[in-house]
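> Sharing a structure, written as structure tokens. Questions coming.
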Amino acid sequence: MSDEYRDELPEELDAGGYVGPYRFPNNNRRRISALILAIAGAASITLWAISGSDAVLVNRGFLYGGLFLLALAAYHVVAGVTLRVTETDALVAATREVGFPIGHASAQLSWRGLISRPTWRILLYSADDPPTKRGLVQVDGVTGAVGDHIVEDNPEDWSSLDR
């Protein structure tokens, strides 16, 4: 059935077939939705204000809905901070924090708190073979400051992987 709708990732988020360094979408795109919400909220409040008290289809719900949309727009503006720290910068900061040479590492972009502050979570292993240490480091995506971090001896048993 060729006319059937299929859900798919937006082109900018589909990393399949992409060659080169991957750029994470920036948080500041939330400001676009903030503008749309603010326009809809202002239009709703304006419609409520210009309609008379005897209006049939426009009531106080337009006022409350408009105020809600304006509040939501303000949240999107506050939460739409710009991601300034790249994955590579976060890996460098995490390497400095743990204090041992890094072998394999993985970075994940996440968001913390009510204002969804972008934060890199870096999982890393020591460079020895097999790795004797591992760590998890959180790096702020706006300032590059290292937050929480855990470093421990690697508890994984690699003895079955004889070389």
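The values are calculated or read from the model by the stated rules, or taken from the named source; none is laboratory data. Just so it is clear, the structure is predicted and the values come from calculations on it, not from any experiment. Methodologically, a virtual Cβ is constructed for each residue, glycine included, from the backbone with ideal geometry; neighbour enumeration extends over all protein chains shown.
> Kindly indicate the residue of segment 73-88 that is hydrophobic (A, V, I, L, M, F, W, C) and either touching a residue at least 60 places away in the same chain (Cβ under 8 Å) or surrounded by fewer than 16 Cβ atoms within 10 Å (Cβ to Cβ) (or both) and also nearest to Ala145 (Cα to Cα) among those meeting that condition.
Once the filter is applied, the top-ranked residue is Val81.
> Now for a separate question. Which of the following residues is outside the structural domain of Leu72 (by TED's automatic domain parsing), in contact with a His (Cβ under 7 Å, 6 or more places away or on another chain) and surrounded by 15 or more Cβ atoms within 10 Å (Cβ to Cβ): Gly144, Gly135, Gly103?
Of Gly144, Gly135, Gly103, the one residue that is outside the structural domain of Leu72 (by TED's automatic domain parsing), in contact with a His (Cβ under 7 Å, 6 or more places away or on another chain) and surrounded by 15 or more Cβ atoms within 10 Å (Cβ to Cβ) is Gly135.
> Taking segment 24-39 on its own, how many of its residues are surrounded by 14 or more Cβ atoms within 10 Å (Cβ to Cβ) and hydrophobic (A, V, I, L, M, F, W, C)?
Going through segment 24-39 one residue at a time, the tally reaches 4.
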